[in-house]
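Single-structure report; data block below.
The values are calculated or read from the model by the stated rules, or taken from the named source; none is laboratory data. On a predicted model such as this, the values are computed, not experimentally measured, just so you know. Heads up, the Cβs are rebuilt from the backbone with ideal geometry, glycines too, and the neighbour counts pull from every protein chain shown.
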């Protein structure tokens, strides 16, 4: 066995989907995982400094986290996701993520793997196979690598299932409070600076919150394809599917978008067109958003939702 | 039902060459009114706020074409968001009250796939007709791209103002009505010799600038404020590598082309970054190696 290393995990982008997967994998290989802290103003400033101006807020946040990890680990995990299914695609910024980071922060040592199930840029690869090869590159034996990947997949599936069931339980309860579905990418919903303050503000206004990330994936995808048969972005299938799945069971929908997200710019527009009479609001967040303005919009949105509930 | 009248978005001069393809689906064609400020304003008004600019131009073309009498719209797809344009544009147009057909090109590039796609709309068409029309359009596209490439390189040095433009518009006129590959071949020979005969005042070693970037803002002069012409008029030999023929060639070649480019781009890009990104880096690096005086990178916001 080679010497244990410290793997840096930026708390941004895919981390919010793969938190359990990655930490379990790294630790069951006998290595140490160091995770950057929840996004704060300093991390965002570091990201903005490293990024080109016009990239999206979420990529800026990511660069901030990678920069924070510089010097605190032996390598930062920045995988590349092109496609996780043959007919699906990730946003092209995810295709280029490793290269973006490498060019913006040339001193950071990167650990990476590349998932491209559609075989667009190289022979087809799937996440599980890539994680196994990643484990092998870290020096694990075949058996140990396979066991670690299996354990990591199981742990992530358990955690996803628990969160999904918690949302199901919330939906099964009598709706004594207004229910708001917050629709957004996991990396925005769970980011301390982007999505968490919005979810908190909605809760403080007395709402129950449902998240697009916690819906059953296959059902959501099927419903999304029914209204949008050509939709190919994996994340946006889930977002649109969550809207279709829950729009009749919620009092309002908040779309959370980081500026200037390409896929969201189109899909959010389409989603608001298929909502017939559910109140919705789109919050576009960039690095200069003033908290006060967002709060005011949330308060007036909740007012509308409340008034409609009282009327019906 | 009345005969369908199809239309499609503009990009550069391609409409003149692509319009006859409407025959394949047994439809009349309406070339959308030329892009103006109004086109962009209409497009921007009805588009999602930060959709990228080609989306807004395309939507403006659609609205103007429908107002001019088209009843079936055609949208292509590919690249990063372009593949999803059609669906959102169709929804927007429906919400605006337009009742039109919307054809989203979604075929592969194999001959059998193309024939199958066309037969959905025109079941009785003969395979040989499809092949002839596609071969003819392909020849026209190649020639148009070749001629425009020559013009870009020499228009800045013409002695008599406007000579290239006159030649180009007459050429496009003839090209658009050509009915056979032989006619196109003859036009090719004529165009090459006529272009070679235009008197030029060109220095031995002119400034050479290559333009790279996103395909739409590269190929639609209205969207880039005719930057190629602006450069040329200041005595620059303008080189552009992104054309429809180049895009189709690369699409047919697929992953091999990408892998080849990545061998060169490795210091900056280790992997394919999607859409026009890898190619822009690849060409810029090649231009530097070839001693170009400048590289201009154009891209839409968002």
- Condition set touching a strand residue (DSSP E or B) at 6+ places or on another chain (Cβ under 7 Å) and surrounded by fewer than 18 Cβ atoms within 10 Å (Cβ to Cβ), scope segment B:289-298, selection nearest to the other protein chains (Cβ to nearest Cβ): answer is B:297
- Residues satisfying the stated conditions in segment A:17-72, i.e. part of a loop (DSSP other than H, G, I, E, B) and away from chain B (no Cβ under 14 Å): A:29, A:30, A:31, A:36, A:37, A:38, A:39, A:40, A:51, A:70, A:71, A:72
- Out of all the residues in segment B:195-225, which are within 14 Å of residue B:147 (Cβ to Cβ) and in contact with a helix residue (DSSP H, G or I) (Cβ under 6 Å, 6 or more places away or on another chain)? B:195, B:198
- Query: Out of (1) surrounded by fewer than 21 Cβ atoms within 10 Å (Cβ to Cβ); (2) more than 20 Å from residue A:247 (Cα to Cα), what's the single condition that is false for residue A:148?
  - Reply: (1)
- Out of segment B:82-107, which residues are within 9 Å of chain A (Cβ to nearest Cβ) and not in a helix (DSSP H, G or I)? B:104, B:106
- Message: Can you say whether residue B:237 is surrounded by 15 or more Cβ atoms within 10 Å (Cβ to Cβ), in the same structural domain as residue B:279 (by TED's automatic domain parsing) and within 14 Å of residue B:145 (Cα to Cα), as far as the supplied structure shows?
- Response: no
- Within segment B:294-302, identify whether any single residue is free of Cβ contacts under 8 Å to residues at least 60 places away in the same chain and outside the structural domain of residue B:82 (by TED's automatic domain parsing), and answer yes or no. no
- So which residues in segment A:258-274 are surrounded by 24 or more Cβ atoms within 10 Å (Cβ to Cβ), in contact (Cβ under 8 Å) with a residue 12 or more places away in the chain and either at the interface with chain B (Cβ under 8 Å from one of its Cβ atoms) or not in a helix (DSSP H, G or I) (or both)? A:258, A:261, A:263, A:267, A:268
- Message: Quick check on segment B:19-33: of everything there that is touching a helix residue (DSSP H, G or I) at 6+ places or on another chain (Cβ under 9 Å) and not in a loop (DSSP other than H, G, I, E, B), which residue is surrounded by the fewest Cβ atoms within 10 Å (Cβ to Cβ)?
- Response: B:23
- Note on the structure: In segment A:286-301, anything in contact with a helix residue (DSSP H, G or I) (Cβ under 7 Å, 6 or more places away or on another chain) and at pLDDT 95 or above is listed as A:298
- Note on the structure: Filter segment A:82-120 for residues that are away from chain B (no Cβ under 11 Å) and part of a strand (DSSP E or B); the one that is surrounded by the fewest Cβ atoms within 10 Å (Cβ to Cβ) is A:111
- Message: Whether any residue in segment A:19-30 is surrounded by fewer than 21 Cβ atoms within 10 Å (Cβ to Cβ), under 14 Å from the mean Cα position of the chain (by Cα) and not assigned by TED's automatic domain parsing to the domain that holds residue A:265 is what I want to check.
- Response: yes
- Query: Looking only at helices (runs of 4 or more DSSP H) that fall completely inside segment B:110-225, which ones have 2 or more residues that are in contact with a strand residue (DSSP E or B) (Cβ under 8 Å, 6 or more places away or on another chain)?
  - Reply: B:127-154, B:215-219
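Results for (1) touching a strand residue (DSSP E or B) at 6+ places or on another chain (Cβ under 8 Å); (2) surrounded by fewer than 15 Cβ atoms within 10 Å (Cβ to Cβ); (3) in the same structural domain as residue B:227 (by TED's automatic domain parsing), shown as yes or no for each residue.
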site: B:241; (1), (2), (3): yes, no, yes
site: B:244; (1), (2), (3): no, no, yes
site: B:256; (1), (2), (3): no, yes, yes
site: B:275; (1), (2), (3): no, no, yes
site: B:279; (1), (2), (3): yes, no, yes
- Message: Give me the residue from segment B:108-129 that is free of Cβ contacts under 8 Å to residues at least 40 places away in the same chain and surrounded by 15 or more Cβ atoms within 10 Å (Cβ to Cβ) and, out of that set, nearest to the other protein chains (Cβ to nearest Cβ).
- Response: B:117
- Item | Top-ranked residue of segment A:207-234 - restricted to ones that are within 13 Å of another protein chain (Cβ to nearest Cβ) and closer than 30 Å to residue A:304 by Cα, ranked as nearest to the chain's Cα centre (by Cα) | A:224
